[in-house]
1. Quick one: compute the contact order of the chain, relative version, from alpha carbon pairs under 8 angstrom and 6+ residues apart, as a percent.
2. Using the alpha carbon gyration tensor of region 56-345, what are the three equivalent-ellipsoid semi-axes (square root of 5 times each eigenvalue), largest first, in whole Å?
3. I want to check a number: in the chain, how many lysine pairs have alpha carbons closer than 25 Å, given a sequence separation of 8 or more or different chains?
4. Among 360, 105, 370, which one moves the most in a GNM of the chain with springs linking Cα atoms closer than 10 Å?
5. So, R0 is 41 Å and r is the distance between the beta-carbons of residue 369 and residue 44; what FRET efficiency does that work out to, to 0.05?
6. Which Cα, out of 143, 161, 33, lies furthest along the positive dipole direction of the chain (beta carbon charges, K/R +1, D/E -1)?
7. Based on Cβ point charges of +1 for Lys and Arg and -1 for Asp and Glu, what charge dipole magnitude is obtained for the chain about its Cα centre, in debye rounded to the nearest 20?
8. For residue 148, which sequence-distant residues (separation of 5 or more, or a different chain) have an amide H within less than 5 Å of its own amide H, given hydrogens modelled in the peptide plane?
Amino acid sequence: MSELLVSGGQVLLPDLSVERADVLLDRDRGEIVDVGDVSGGDDELDAGGGLVIPGLVNAHTHVAMTLLRGYADDKPLDAWLQEDIWPVEAELTAEDVRAGATLGLVEMLKSGTTALNDMYFFMPEVVDAVEESGMRARLGYGSITVGRDDDAAREEMRDGLAFAREYDGAADGRIRTAFMPHSLTTVGEAYYREFVPEAREAGVPIHLHANETTDEVDPIVDEHGVRPLKYAADMGLLESEDYLAHGVHLDDGEVDLLAERSAGVVHCPASNMKLASGMAPVQDLLDAGVPVGLGTDGAASNNDLDMFDEMRDAAMLGKLAADDASAVDAETVVEMATRGSAEILGFDSGRIEPDANADLAVIDLDAPHLTPAHDLVSHLVYAARGSDVRHTVADGQVLMRNREVTVFDEQGVRERASERAQALVERTE
Ligand SMILES: [Zn+2]
């Protein structure tokens, strides 16, 4: 058995208390063996002066969209997608997606993220990039039927299912899949009715965008006479393993429906603010018992994949949305970004205790903006940055040591992504 000792640090425990402790990891099984006054291990990772936290879990992103970071900003969702994003995405190649995804994974590793959920195109490329990264992921092909004839639309849905079936359990189980129809407005009702039962049969969860903007809610109410999540439930969506991104515009009945069914919501505060989509009722969702996770969405609408930024945004926006400074407090946000997201994705990560997945990050506390240390949970949400992460470990493997990514050549990854992004934009214009 090969073991790694994360030594000399303080540790954020599952009850969010902080204790001076060492953490012993089994690298073969990828699990935490012991936490406390432990010794041993054939390798050691120095956490001295640091805080060991569960690896952050980015529960909604489009990781290859790093190529479009800063390409088009300052527009509402509809215009932004139609005028800028979709025309460029139509030119994307498999190689572009590989380069963009790899860049995004490097960015995540450098900011303490150990697991992600990704919806995009050319997903076998994302599978390869995630496999190489050592991270954990739930992946799916984002099927879209609007603007396609019936044959092409059905092929889109079949492609999504085929991907989910083929790659579930890849990379020794680090990769799981989901069926990912893009949203309630970009996939037609007939296709949901035909393919949702097939996804159930395949045994994969369903992930989609829902209730992101009022422009997305109103047409469903007009056409079907019910709120979007009622429409979704009528089509067989919102089982307990399913999870939706955004959930910004929800009425009380929809919050209750999510709670009854235990379907998850992935909150994406930065994207919601940047696209002026609105303020998700996060405290209401939590109070109702809805599972809530946290995600960055794609880099084009954020514009980074740093979950520390996202935690701060979640706390700030949650207070504004509730008109209450005590809403969405620091403890709640840390839970959301760790165990909350992990549970939604079906990973036994997000907690540092024996038998959990060995996914963690070590935060360097030796910095002016983290001094003094009254409350380290507060620091994680309100003061720390992704660049404070010293080491990142997933599945028991050290993926970044002393800020050096061990699984990719960072410089090469950045150069390749820059070249690809430049060529992509030139092809589009
Ligand atoms: Zn999204």
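1. Here the relative contact order equals 22 percent.
2. 25, 23, 19
3. Lysine pairs meeting both conditions in the chain amount to 4.
4. With Cα springs under 10 Å in the chain, the top fluctuation among 360, 105, 370 is at 370.
5. Rounded to the nearest 0.05, the efficiency is 0.90.
6. Working it through, the farthest residue towards the positive pole turns out to be 33.
7. Here the chain has a charge dipole of around 400 debye.
8. none
Read the figures in this text as sums done on the coordinates, not as results from a lab. All values derive from a computational prediction rather than experimental measurement. Reconstructed Cβ throughout: ideal geometry from the backbone, glycine too, with neighbour counts over all protein chains shown.
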